[in-house]
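Visitor: This is the structure I have questions about; it appears just below.
Read-outs throughout are calculated quantities, based only on the coordinates presented, and are distinct from any laboratory measurement. Please read these numbers as outputs of a predicted model, since none were measured by experiment. Counting neighbours? That spans all protein chains shown, and the Cβs are built from the backbone with ideal geometry, glycine included.
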Amino acid sequence: MKFDPAIHHRRSIRLHGYDYSKKGAYFITTCTHHQECLFGEIVDGEMRLNDVGKIVADEWMKTATIRHEIELDNWMVMPNHFHAIFLITNSVSMSKGRGDRPVAPTGPQPRSVGAVIAGFKSAVTKRVNDLENTPGRKLWQRSYWEHIVRNETELHQLRKYVQNNPKQWFLDTLFIWGDSS
């Protein structure tokens, strides 16, 4: 269905005017399509990745190798979502200079949080669809949730949250009770 502003009331959760390619720490969460449990299961408070979950982990670990401006911090693959803290360490602000964006008008700004997540989700989707012979299948929800980490205290709290997420699984609002197949 084509976008119709009369019926599609999407609003951005992004901080208006903020340069998401700016040097700093960011926390993101992205969920599977329809919050399906596709990446493994929680057993005794620990995440046990299946083959699809291992692809998610592998592609995230490649992120800092592929994108030299990115440094990975804590991250966790959960059954139906993915949490990560990462740092943009080498900012090239796109808001200075001529103001031209050297990407398609619909694409994310280069070297930004959006570009990192779009590349990651795309690579995971391609590999999973190749593995399962499901071309065109949607793996992820359309967007993601992000938070700009503002200080060391907040960073410490987010690291703890990510690390403890499997132990909190049955309290998590993203968890879908019952069979997810």
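Visitor: Measure off 7 Å from each Cα along the Cα-to-Cβ vector at Gln35 and Arg127, then give the distance between these two points in nanometres to one decimal.
Guide: Modelled inter-label distance: 2.6 nm.
Visitor: On a 27 Å Cα-Cα criterion, which of the cross-link pairs Lys121/Lys160; Lys22/Lys54; Lys126/Lys167 come out too long?
Guide: Beyond 27 Å between Cα atoms: Lys22/Lys54; Lys126/Lys167.
Visitor: Find how much the distance from Asn50 to Arg150 grows on full extension, using 0.36 nm per residue of separation minus their present alpha carbon separation; answer in nm with one decimal.
Guide: Computed gain between Asn50 and Arg150 is 32.6 nm.
Visitor: With labels modelled as points extended 7 Å from the Cα through the Cβ direction, what inter-label distance (nm, one decimal) is found for Arg142 paired with Lys23?
Guide: 3.6 nm
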